[in-house]
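Working notes, beginning with the structure itself.
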Amino acid sequence: MLTMAGKVAMVTGAARGIGAAQASLIARQGGAVVLCDVLEREGNDVADRIRQDGGEAIFCRLDVSDEAQWASVLAQTIAWKGKVTTLVNNAAVLNRTGVTGTRRADWDRVISINLTGPFLGMQAVAPAIRDAGGGAVVNVSSICAHVGHNDAAYTSSKAGMLGLTRTAAVEYVDWNIRVNAVCPGIIVTEANAGAPHLQPWLRATPLRRYGTTQEVANLVLFLVSDEAGFITGEDILVDGGFKSGGAARRISLEMGLDLTAPPK
């Protein structure tokens, strides 16, 4: 069983969805968790539930695009547990407009949270992880980093996160810090529930279902655990086969083919 005993993790975007699942799982496996988000009521509720279940957790308000707030939350983490070993950059926002329809202000907002946020987070937290003897960072990207999507700012931010991950992995290797990315496919959360692209993307997912926040959290837990000690600089998909077989799946359905049927 994977363990996070002795680890102290900061998780951004932890007030709901994938981030809440990640924080809760890390705590269940013995880690102390700092839940970071701008949603204070929801974040405190998740922290309360973790503590009620016997885990260690606190909530800290954090706008990931604000460098000064990163320094403040890091200081609160050190004051609470004396160290930090783990960072999960999960916070993100959507915009859902293409290149032509995206306003500059919306572009800047998405990039500042989805890409600049993880950049500032690693700048702030990596030295503390080094001082704790090393650890791990996971950046939560998206299947949209690998395929086109009608959200210009979001897609660009998630693709940029992969480059940032690889650069950080090489830079921080001498600090005993591993840096990886995960790329979820269609995971239904509070942020995307009811979005018009969900059903068409489901039809193009070979496993024929949406993924769950728990399945993403399971992968993140592995990557931040010591059991993933020889993995760094990678982006790992948890997408139900969408990238590798999505086009073939959709074409098969439109042609009325059943690829699982025995040959006649």
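Among the residues of the stretch 192-207, which ones are free of Cβ contacts under 8 Å to residues at least 24 places away in the same chain and assigned to a loop (DSSP other than H, G, I, E, B)?
193, 194, 196
Are any residues in the stretch 64-75 surrounded by fewer than 18 Cβ atoms within 10 Å (Cβ to Cβ) and closer than 19 Å to residue 15 by Cα, and if so, which ones?
Within the stretch 64-75, 66, 72 meet the criteria.
Restricting to the stretch 230-244, count the residues that are part of a loop (DSSP other than H, G, I, E, B) and within 27 Å of residue 173 (Cβ to Cβ).
Here the count works out to 5.
Quick check, is residue 189 assigned to a loop (DSSP other than H, G, I, E, B), open to solvent by less than 30 Å² (accessible area, probe 1.4 Å) and among the β-branched types (Val, Ile, Thr)?
The answer is yes for residue 189.
Please name all residue pairs, on different chains or six or more residues apart, with Cβ atoms under 7 Å, provided the first residue is in the stretch 9-26 and is on the phi > 0 side of the Ramachandran plot and the second residue is open to solvent by 10 Å² or more (accessible area, probe 1.4 Å).
Cβ pairs passing all conditions: 13/37; 13/90; 13/91; 13/92; 17/189; 17/190; 17/191; 17/213.
Which number in (1) surrounded by fewer than 23 Cβ atoms within 10 Å (Cβ to Cβ); (2) among the aliphatic types (A, V, I, L, M); (3) in contact with a strand residue (DSSP E or B) (Cβ under 7 Å, 6 or more places away or on another chain); (4) under 23 Å from residue 25 (Cβ atoms) marks the one condition that residue 128 misses?
The one condition residue 128 does not meet is (3).
Restricting the search to the stretch 40-62, which residues are open to solvent by less than 50 Å² (accessible area, probe 1.4 Å) and not in a helix (DSSP H, G or I)?
Of everything in the stretch 40-62, those that are open to solvent by less than 50 Å² (accessible area, probe 1.4 Å) and not in a helix (DSSP H, G or I) turn out to be 55, 57, 58, 59, 60, 62.
Considering each residue of the stretch 194-245, count those that are at pLDDT below 85 and in contact with a Pro (Cβ under 7 Å, 6 or more places away or on another chain), and give that number.
Residues meeting the conditions: 1.
Could you go through the stretch 82-97 and let me know if any residue there is of a type in the set (S, T, N, Q), surrounded by fewer than 18 Cβ atoms within 10 Å (Cβ to Cβ), assigned to a loop (DSSP other than H, G, I, E, B) and in contact (Cβ under 8 Å) with a residue 24 or more places away in the chain. Spell out how you get there, then give the answer.
Within the stretch 82-97, the subset of a type in the set (S, T, N, Q) is 85-86, 89-90, 95, 97.
Retained after the next criterion (residues that are surrounded by fewer than 18 Cβ atoms within 10 Å (Cβ to Cβ)): 97.
Now restrict to residues that are assigned to a loop (DSSP other than H, G, I, E, B): 97.
Restricting the remaining residues to those that are in contact (Cβ under 8 Å) with a residue 24 or more places away in the chain gives 97.
Yes, there is a match, as at least one residue in the stretch 82-97 is of a type in the set (S, T, N, Q), surrounded by fewer than 18 Cβ atoms within 10 Å (Cβ to Cβ), assigned to a loop (DSSP other than H, G, I, E, B) and in contact (Cβ under 8 Å) with a residue 24 or more places away in the chain.
Residues of the stretch 113-123 being open to solvent by 30 Å² or more (accessible area, probe 1.4 Å) and either at pLDDT below 95 or over 12 Å from residue 161 (Cα atoms) (or both), which ones?
123
Would you please name the residue that is most open to solvent (accessible area, probe 1.4 Å), looking only at residues in the stretch 147-180 that are more than 17 Å from the chain's Cα centre (by Cα) and of a type in the set (Ser, Thr, Tyr)?
Looking at the filtered set, the residue picked out is 167.
Tell me which residues, restricted to the stretch 192-234, are under 23 Å from residue 92 (Cα atoms), touching a helix residue (DSSP H, G or I) at 6+ places or on another chain (Cβ under 6 Å) and surrounded by fewer than 19 Cβ atoms within 10 Å (Cβ to Cβ).
Once the filter is applied, which keeps residues that are under 23 Å from residue 92 (Cα atoms), touching a helix residue (DSSP H, G or I) at 6+ places or on another chain (Cβ under 6 Å) and surrounded by fewer than 19 Cβ atoms within 10 Å (Cβ to Cβ), the stretch 192-234 yields 214, 222, 233.
Considering only residues of the stretch 165-185 that are in contact (Cβ under 8 Å) with a residue 12 or more places away in the chain, assigned to a helix (DSSP H, G or I) and out of contact with any helix residue (DSSP H, G or I) (no Cβ under 6 Å at 6 or more places or on another chain), which is farthest from residue 245 (Cα to Cα)?
Looking only at the stretch 165-185, we keep the residues that are in contact (Cβ under 8 Å) with a residue 12 or more places away in the chain, and these are 165-166, 168-170, 172-173, 175-185.
Add one more test, that the residue is assigned to a helix (DSSP H, G or I), and what stays is 165-166, 168-170, 173, 175.
Next, from what is left, pick out any that are out of contact with any helix residue (DSSP H, G or I) (no Cβ under 6 Å at 6 or more places or on another chain): 165-166, 169-170, 173.
Working: 165: 25, 166: 25, 169: 29, 170: 31, 173: 34 Å.
For the stretch 165-185, the residue satisfying everything is 173.
The values are calculated or read from the model by the stated rules, or taken from the named source; none is laboratory data. In this text, all values refer to a predicted model and were calculated from it rather than measured experimentally. Glycine also receives a Cβ, built like all others from the backbone with ideal geometry; neighbour counts cover every protein chain displayed. For the accessible areas, the whole protein counts, side chains as well, though only heavy atoms, and no ligand, DNA or RNA atoms are used. Shrake-Rupley method; radii C 1.70, N 1.55, O 1.52, S 1.80 Å.
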